[in-house]
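*Asks:* The following block contains the structure, expressed as structure tokens.
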Amino acid sequence: MGNRILIVDDDAVNREIFRWSLEGLCEIDELTSGVGAATRIVDVDYDLVVLDVMMPIIGGIEVVEDVSRMRADLLPRILVVTAAMNPGLLEKLSPFPLAGVIERPYDPEQISKICEPFFKQQ
Amino acid sequence: MQVGRQTGDDLAAFMRVAVRSLTAMLQVERASIWLLRNDGAALHCECLHEAPDDRLSSEGILNALDFPSYFDAFKTARVIAADDARTDPRTCEFAVGYLDVLDIHSMLDAQIRDLSGLRGVVCCEKTGAQRPWHEEDVAFAGAVAEYIGLAMELSERQRNADRLRESNEQLREAVLQAEQARTAAEAANRSKTEFLANTSHELRTPLNGILGGVTILRLGVGPAETTEWLDTIDRSGRSLLHTINAILDAAALQDGTLAVAVTRFDIGQAAAEAISVGGPANFRDEIVVQAAGPGRLEVTADYRKTVQVLASLVENAFKFAGHAPRITVGPGASGTVRICVEDDCPGVPPGSEATVFERFSQIDGSSTRAHGGTGLGLAVSRELAELMGGELGYRAAKSGGACFWLQLPDADSQDGSVS
């Protein structure tokens, strides 16, 4: 079985950069906001979820909270990315055992380097 | 006589009762109350009762310099009982100018004291003939003087209590004001912190698009993809410019250095450009500008700033409603053109209509900050609209969503006003 990742980001360019960077390495699903993201994360066995913070309607933090309520064991597969890091965000997310909270990378090489550790060896 | 809780007015009334009692009980023509000035160098008459005409008055000052023996005497003795006041060494100083004139023969003076010490003197004067003061007369005058001292003490305490209560209230008021000021400062500070966090988000998101696109192009992609990425970079660049413009305009508005360049242009074109700046790429085609009537509607305004205001409204619709807004252009209030940007999101809660136009404010500022944005958009947009002679407003849409409208001067009804 191949690797599967979910990108939750309202910004089309960001999704595209990730898609481009990870092409061929895994199967990629996309959501353009946090709406339905938590259920999807619980339903589909993703190897990695790249989750944006600031999104319309439902933001990344709410998605993390929802997943934590439903399947806290999946939290280590969620990588939270943000355009701009700030201490308040880190504090809000500190209770959750996430894969990480990072400033969103834009360099395709860096993106694949960050994501690869989550993929199963083929 | 009743010594109750005295206020200033009550004390004066109490003194009037006291002097009347003295004239009545001691059968004297004159009874008065004199209080020591703070420096102790003079006595001021607070209250005088003249029994023959039943007259009350409060005039007269006795200076210590003029009557040194009397001052020495009344300060040292609890009571001065001078049967023959004109010869008594303690009171003879009054003889020529006072006792003779008023035909006073005997004086009975008693110290008024309170807890702080000597405060004044009660003075009883017998006219017409001499009056030998008996022990009970002295006791009575002393008792009245004591009562007056007590009344003054109580009055003073009352005044102090009032003053204390007053300063307590002032203090409480000051504390309240300080707390309000602190709350306001904290809110402003929080808004600015949120603003900084949001601004860096708004600046970095398109910057990531630009840098990511450039990296991808450098790695080498096919011609079709190259065009796509160039488009992406272009759009990200415009969006970045839009955010930077909003921040610069906000700063310029703040120190009043913002200038508008008014020209005549087609509002439909401005709206189309606003969509390309404010709307996400994959939604752009969904946004259609509907004209209320045939023909072009031209306005006189600053083109770039009009685009910026409209782009902010489009951007807001996507942020808050998550879908493309409906844009309609039509005639507004007399001599204006109105552009409405409407969405189906619950919109602005009733009562918060004014708040959304405040700087750094987002109604949901506390929550997950899911909406992003600098929070400057509407505040700056409204000021820009007003600078261009227009107006920016909000109304709840019929659909239940939010409708923000921009009204600008109609070029055709402004003919000749703009060259």
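The values are calculated or read from the model by the stated rules, or taken from the named source; none is laboratory data. These numbers come from a predicted model, not from an experiment. All Cβ positions, even for glycine, are placed from backbone atoms using ideal geometry, and neighbour counts span all protein chains on display.
*Asks:* What are the residues in region A:65-84 that are at the interface with another protein chain (Cβ under 10 Å from one of its Cβ atoms) and surrounded by fewer than 18 Cβ atoms within 10 Å (Cβ to Cβ), if any?
*Replies:* A:65
*Asks:* Condition check: out of contact with any strand residue (DSSP E or B) (no Cβ under 7 Å at 6 or more places or on another chain) and either surrounded by fewer than 18 Cβ atoms within 10 Å (Cβ to Cβ) or touching a residue at least 12 places away in the same chain (Cβ under 8 Å) (or both). Does residue B:56 satisfy that?
*Replies:* It is false that residue B:56 is out of contact with any strand residue (DSSP E or B) (no Cβ under 7 Å at 6 or more places or on another chain) and either surrounded by fewer than 18 Cβ atoms within 10 Å (Cβ to Cβ) or touching a residue at least 12 places away in the same chain (Cβ under 8 Å) (or both).
*Asks:* Do you know which residues across region B:51-78 are in contact with a Cys (Cβ under 8 Å, 6 or more places away or on another chain) and assigned to a helix (DSSP H, G or I)?
*Replies:* B:69
*Asks:* Would you call residue B:81 within 22 Å of residue B:21 (Cα to Cα), part of a loop (DSSP other than H, G, I, E, B) and over 56 Å from the mean Cα position of the chain (by Cα)?
*Replies:* Judged against the criteria, residue B:81 is not a match.
*Asks:* Looking at (1) among the β-branched types (Val, Ile, Thr); (2) under 21 Å from residue A:69 (Cα atoms); (3) in a helix (DSSP H, G or I), which one does residue A:17 not meet, given that it meets all the others?
*Replies:* Every listed condition holds for residue A:17 apart from (2).
Results for (1) farther than 21 Å from residue A:16 by Cα; (2) among the aromatic types (Phe, Trp, Tyr); (3) part of a helix (DSSP H, G or I); (4) touching an Asp or Glu at 6+ places or on another chain (Cβ under 9 Å), shown as yes or no for each residue.
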| residue | (1), (2), (3), (4) |
| --- | --- |
| A:61 | yes, no, yes, no |
| A:68 | yes, no, yes, no |
| A:76 | yes, no, yes, no |
| A:79 | no, no, no, no |
| A:91 | yes, no, yes, no |
| A:95 | yes, no, no, no |
| A:109 | no, no, yes, no |
| A:112 | no, no, yes, no |
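*Asks:* Within region B:197-218, is even one residue polar (S, T, N, Q), more than 11 Å from chain A (Cβ to nearest Cβ), over 20 Å from residue B:314 (Cα atoms) and part of a helix (DSSP H, G or I)?
*Replies:* Within region B:197-218, none of the residues are polar (S, T, N, Q), more than 11 Å from chain A (Cβ to nearest Cβ), over 20 Å from residue B:314 (Cα atoms) and part of a helix (DSSP H, G or I).
*Asks:* Something else now. Within region B:334-360, how many residues are modelled with pLDDT under 75 and touching a Gly at 6+ places or on another chain (Cβ under 6 Å)?
*Replies:* Looking only at that region, the number is 3.
*Asks:* For region B:90-109, indicate whether the set of residues that are within 60 Å of the chain's Cα centre (by Cα), surrounded by fewer than 17 Cβ atoms within 10 Å (Cβ to Cβ), charged (D, E, K, R) and part of a helix (DSSP H, G or I) is non-empty.
*Replies:* No, region B:90-109 has no match at all.
*Asks:* Here's another thing I want to ask about it. Scan region A:31-64 for residues that are within 12 Å of the chain's Cα centre (by Cα), modelled with pLDDT under 90 and either under 14 Å from residue A:98 (Cα atoms) or more than 14 Å from chain B (Cβ to nearest Cβ) (or both) and jot them down.
*Replies:* A:53, the sole residue that qualifies.
*Asks:* Could you tell me which of the residues B:46, B:125 is in a strand (DSSP E or B), closer than 23 Å to residue B:156 by Cβ and of a type in the set (Asp, Glu)?
*Replies:* After applying the criteria, what remains is B:46.
*Asks:* Take the conditions over 23 Å from residue B:318 (Cβ atoms), out of contact with any Pro (no Cβ under 7 Å at 6 or more places or on another chain), of a type in the set (Ser, Thr, Tyr) and without any contact (Cβ under 8 Å) to a residue 24 or more places away in the chain and apply them to residue A:68. Does it pass?
*Replies:* Considered against the rule, which asks whether it is over 23 Å from residue B:318 (Cβ atoms), out of contact with any Pro (no Cβ under 7 Å at 6 or more places or on another chain), of a type in the set (Ser, Thr, Tyr) and without any contact (Cβ under 8 Å) to a residue 24 or more places away in the chain, residue A:68 comes out as no.
*Asks:* State all residues of region B:385-401 that are in a strand (DSSP E or B), farther than 22 Å from residue B:305 by Cβ and of a type outside the set (Lys, Arg); if no residue qualifies, say none.
*Replies:* B:396
*Asks:* Residue pairs, Cβ under 9 Å, 6 or more apart or interchain, first in region A:94-122 and without any contact (Cβ under 8 Å) to a residue 24 or more places away in the chain, second of a type in the set (D, E, K, R) and buried (at least 19 other Cβ atoms within 10 Å of the Cβ). List them.
*Replies:* From region A:94-122, the pairs are A:103/B:204.
*Asks:* Would a scan of region B:233-249 turn up a residue that is in contact with a Gly (Cβ under 7 Å, 6 or more places away or on another chain) and within 14 Å of chain A (Cβ to nearest Cβ)?
*Replies:* Yes, that holds for at least one residue.
*Asks:* Let me ask something else about it. Given the criterion touching a residue at least 40 places away in the same chain (Cβ under 8 Å) and within 22 Å of residue B:127 (Cα to Cα), identify the matching residue among B:62, B:43.
*Replies:* Exactly one residue qualifies, and that residue is B:43.
*Asks:* With the requirement that a residue be more than 12 Å from residue B:107 (Cα to Cα) and over 55 Å from the mean Cα position of the chain (by Cα), what does region B:61-75 give you?
*Replies:* Selection gives B:67, B:68, B:69, B:72, B:73.
*Asks:* Filter region B:314-333 down to residues that are out of contact with any Gly (no Cβ under 7 Å at 6 or more places or on another chain) and in a helix (DSSP H, G or I) and give me whichever is farthest from the other protein chains (Cβ to nearest Cβ).
*Replies:* Only one residue fits best here, namely B:317.
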